[in-house]
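Each remark here refers to the structure printed beneath this line.
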């Protein structure tokens, strides 16, 4: 077990390095001259040249890279070209919003999707299955921003149940509890819409897996042994269908991260995704690299977690003795 | 037991037919301006006027308009008149309520170029109304006969054309540039189909071959490929698409390539995990001990086993690619010259159709995308069920 | 029938209707504010949510409304007043004059006649923009209307080309005089539709128009910074661009003087015209306003003949304020979202309540030394003030932290110099209670010059010496002669000397996060201005409160 973990962590570290390298080079092959994004028409050519020196864009590429790796590992992302503030300072305030949005959306949609999927598989042709298949397809086939814009228009403007923007009310509520509730109230529509858009594919996938698994011999065996149906369903069938579900979790993750860019745009949320978008648009290399890196870190961490769960859930994978034959 | 083919297959054929035959059958270039911007569909009721045009010529120096509707959105007056006589001329508008406005005047004696548009600030200023007021509401205060007449000496030649754009248009209205939404919608279906199908085919082929190879070979190759997959998976798709679109440009085929190149990993991983557990299974071990070569096992046993997974990937993949195209377009990262449904939504959003309640700009492309996605999902499911009848839902179709 | 709410509109284009003149004459000296206590600058980045929030009442003031459909919708909303003003903005298409065939003036004139700017403005802005023919926007006090106008007339365009010996190939492409080869296909560099949908649209219209007279042109959409780098390298044929200008016409020097034709310089089109250079030098180094005005007008007339650009339009600035506020200030040259409105506005009914003001972008750093973001300055301009302010109506100079000033040309070593003498207002205090004196002005100018801070360096580089004979007099001697030194020095914000002394690294300075050395409740972001910085919550808002010690409130 230990060697498995060493390997996985080393692998993750390698991925990390590759992500850093990819970030570094991707942003440097982007077209354009960064000086042009921060100049004012009234600056003289000398003033422009001075900007270039001030931002250290004249160092050789190799040295720029070495510095970059060390900085990434110490979370020292440098100074944003656009704001001229430390990037981590700017990102810090955004990470909690994004984690809250992604976390709640991911957990809620996977939980709801799994539960509905299993239920649908249990009662073939039942009402739940119909609902799952229909709502799953519908929610999976609408463009997310379209649904979100319509929801925003309906629920925040026409019937103003939810706020139009942001994650706090202005002026701020006075007490801590009120602020927490206020935050949740602001989170409800964006996260809710992501759940609405996300649970369908989960449910269908889980249902398909479960249908398959429920037909396996060992389920018939378990049933024959007279085990209660709930236990058969969850302890036997679902447990054996878990690894592919975890794969789905992994696959869904970057997609949901990408969805964050759109969600944060639609709901004017102050998050990492929106920051990434703005930085890419503004050719703000340090900022975009850092935001990319943070999102990559989140994905790598979740990857590791899912790997662990995968190993625990599917003993058929002979962890230690794999390959090397 | 034979049932009629599923609805989705029929719908797919219908969509294909529209995509193939629709655009050539359109009466003209879909980029043409047909009516005023944001004109609602003709059938949506209300009291908006039809288009009107008239001319002032040496023969007819007056246009009378029997107006029975709300004020038109705009009024344009263009053309030229030649005058021999050296005395002043004026264009006078008389409303049904008896109000009288001078729209333009000329000293006479030569060629008079007229180019008036009721949206011009100078036009509003000339009528003495504030910049945000509508000049046409002043000129069309109520129902009845309004007249435009030329006062002064008779022109010796030329003509002036008066045009009032209609307030409603076609089956699906017009967009922010006054283009016919129905035409755009029909043209747009091609792009969605093209992007969705080609990108997914590319991605599935890549995913299948890489996944099978990796899962079956195992060892260093597997480790290497999976690391590569990890790296690609660790980078959120949308941002990397944005970066690549920035470098490669926004052409349609670039988009297809990029979408294909960055969406095979899911299939590869799933196929690989399947291949991995199959590889460990008894019957493959048995085959191997019987001396079956790796390609034989891959081709005869792993590939058929992986097929349902791949088909699931396709069924989810086409909508995925279509939605990715829509998302990129929504962020403005698509070729502005190519009309796609995603592009239509982007423009509708960019020009304020959502807040303006211009539903005819939003609903058709939005529902169109969803419908295509639903069709592919259902087809995918049907194929899946054929391959693996256990999945067949009791009533779930 | 004109709705009543238009009565609050301040008129423009010289249109003064009866009964409205009283509103139009805005008297700056009547302002004794601010009356509001709390100001929230709320960050709404999406135009849709800005519109919804304004209509829902979550926003009180929204500036810079660009979409015509929004303008029309707000115009029919009974709870909202709109104001319109001309903007210091110019959109144009430029030629690369270094290359064939664009060095041919006749071709440029014909191109100018082929482009239907008026129709473009109608179709794209529904009339909420102004077609232009000159090289300064019409709002500029130095605007010269009497120039050579290349009226839209494609037939005449073809005529003058034919007269100059141009021919057309069988495909309709132009053949230069004396040659037999048609023009090669050329590209018009344009920002992409994603960054600037209207600009991309205009580029398409221009390309169509120029194709119609035989120029084989197509649009090449580029992302903004690759476009800039192509322009910097002079690797282009034609380009479209918009500039936001200041009230001073010396931008003409930057855009058209031959010395500015260097890689990355502002003379992108590469104009070299010795006669024009002379006039532009006269403008740049004018000793007084009269000379400057004459030179600016002459330069505009010459430019309209040379046609290095095809000027297309200048934007109108449209701003909306909810009707439950009174005292909103807008003029023909300043839309309602300005400092004067903030100084003058109060709720129409009921007691004091906070103003919700739209900030369309995140402030970048709130570092007055480091930032060049316009959105930072929307906030910072409420905190820091200059010696001279700009009159919202006439755009003339207005006494502000300086009550009086003198511009002289004096002789010294190496020729004549401009000498500026400012008399400072008495009784002004920094928001942390420390008196404002000539020492602050001196320290500010010295700091900006010594650290070569890019945003201000062009303004202060020519300072030769600064004298402060007493607490309320500052004498700035420049190294050369130019009337614009007055605006460059007088318009720069003044920072408190006692804070500047604590700044170690101006680039990463974060005054909003430092505790004020004298008053614990405040930050180092203190100025003399009407509002005091309270809190910046990234992604949400910037909260400011009234400066109870603001000098304009003194009389109350």
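Bear in mind these aren't lab numbers, they're just calculated from the coordinates by the rules spelled out. Note that the structure is predicted; figures quoted are calculated from it, not measured. Glycine gets a Cβ as well: all are built from the backbone with ideal geometry, and neighbour counts include every protein chain shown.
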Percent of beta bridges antiparallel (DSSP, chain C, rounded to nearest 5): 80
On a 0 to 90 degree scale, rounded to 10, what angle separates helix C:274-284 from the longest Cα axis of chain C? 10
Quick one: in region A:100-270, what % of C-alpha pairs are over 23 Å apart? 48
Orientation-averaged projected area, Cα convex hull of region B:181-391 (nm²): 13.4
In nanometres, what is the gap between the two model label sites at residue C:185 and residue B:253, each 7 Å from Cα along Cα-to-Cβ? 1.5
For B:119-126, what's the mean count of beta carbons from other chains sitting within 10 Å of each residue's beta carbon? 5
With angles folded into 0 to 90 degrees, how steeply does helix B:265-280 sit against the dominant principal axis of chain B? Use alpha carbons for both and round to 10. 10
For chain B, modelled as a GNM with alpha-carbon contacts under 10 angstrom, which of B:19, B:382, B:221 fluctuates the most? B:221
Report, to the nearest 10°, how far helix B:219-234 tilts away from the longest principal axis of the Cα atoms in chain B, using its own Cα long axis and a range of 0 to 90°. 20
Rg from C-alpha atoms of region B:51-164, normalised by the globular rule of thumb 2.2 N^0.38 Å, equals 1.03
Where does each of B:186-193, B:267-274 land if you order them by average Cβ count within 10 Å, highest first? B:267-274, B:186-193
Output ordering of A:294-304, B:167-177, A:191-201, B:55-65 (per-residue mean of other Cβ within 10 Å, highest first) is A:191-201, B:167-177, A:294-304, B:55-65
Before rounding to the nearest 500, sum -39500 (n - 2.57) across all DSSP H runs of length at least 4 in chain B and divide by the residue total; then give [θ] at 222 nm in deg cm²/dmol. -17000 deg cm²/dmol
Taking the protein assembly as shown as the region of interest, what is the percent of Cα-Cα pairs per 20 angstrom bin, listed from the shortest bin to the one with the maximum distance? 9, 35, 35, 17, 4, 0
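Given the peptides B:283-292, C:508-517, C:51-60, arrange them by the average over their residues of other C-beta atoms within 10 Å, most packed first.
Details: B:283-292: 11.6, C:508-517: 17.4, C:51-60: 21.3.
Ranked from most to least packed, the peptides come out as C:51-60, C:508-517, B:283-292.
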Cα Rg, Dmax, region A:63-141, angstrom units: 22.0, 64
The extension gain from residue C:352 to residue C:471, computed as 0.36 nm times the residue separation minus the Cα-Cα distance, is 39.1 nm
Mean projected area (nm²) from the convex hull of Cα positions in region C:390-516 is 8.8
Region B:257-353: relative contact order from alpha carbon pairs under 8 Å, six or more residues apart, as a whole percent, is 23
Return the tail of the calculated pair distribution for region B:155-223, meaning the percent of Cα-Cα pairs more than 16 Å apart. 72
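Taking the Cβ-Cβ separation of residue B:18 and residue B:78 as r and a Förster radius of 41 Å, what is the calculated FRET efficiency to the nearest 0.05?
Details: r = 38 Å, r/R0 = 0.92.
Taking R0 as 41 Å, the efficiency between residue B:18 and residue B:78 is 0.60.
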Could you tell me what fraction of 2.2 N^0.38 Å the Cα radius of gyration of region A:156-220 comes to, as a two-decimal ratio? 1.87
Label-zone membership for region A:142-164, site residue A:188, 7 angstrom Cα→C-beta point, backbone N under 16 Å: A:151-164
Averaging sequence separations of C-alpha pairs under 8 Å and six or more residues apart, then dividing by the length of region B:181-391, give the relative contact order as a whole percent. 31
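How well do other chains shield peptide C:266-274, expressed as the mean number of their Cβ atoms within 10 Å of each residue Cβ?
1
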Restricting to bridges with both residues inside region C:98-256, how much of the DSSP beta-bridge set is antiparallel, in percent to the nearest 5? 20
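Taking 30 Å as R0, compute the FRET efficiency from the Cβ-Cβ separation of residue C:291 and residue C:160 and round it to 0.05.
0.30
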Between residue C:30 and residue C:502, with labels modelled 7 Å along Cα→Cβ, what's the label distance in nm to one decimal, could you check? 4.1
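If you take the Cα atoms of chain B, find Rg, then find the Kirkwood Rh from the mean of 1/r over all pairs, what is Rg/Rh? Working shown, then result.
On the way: Rg = 31.4 Å, Rh = 25.9 Å.
We get a ratio of 1.21 for chain B.
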Efficiency of FRET from Cβ geometry, residue A:131 and residue B:122, R₀ 51 Å, rounded to 0.05: 0.25
D (Stokes-Einstein, µm²/s), Kirkwood Cα radius, chain C, 1.002 mPa s at 20 °C: 84
Please average, across the residues of C:448-460, the number of beta carbons from any other chain that are within 10 Å of each residue's own beta carbon, and give a whole number. 3
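Using only alpha carbon pairs under 8 Å that are at least six residues apart, calculate the relative contact order of region B:51-164 and give it in whole percent.
It rounds to 48 percent for region B:51-164.
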Please list the equivalent ellipsoid semi-axes of region C:89-315, computed as the square roots of five times the alpha-carbon gyration tensor eigenvalues, in descending order and whole angstrom. 27, 20, 18
For region C:233-280, with equal point scatterers placed on the C-alpha atoms only and solvent neglected, what are the log10 I(q)/I(0) values from the Debye formula at q = 0.15, 0.18 1/Å, to two decimals? -0.41, -0.58
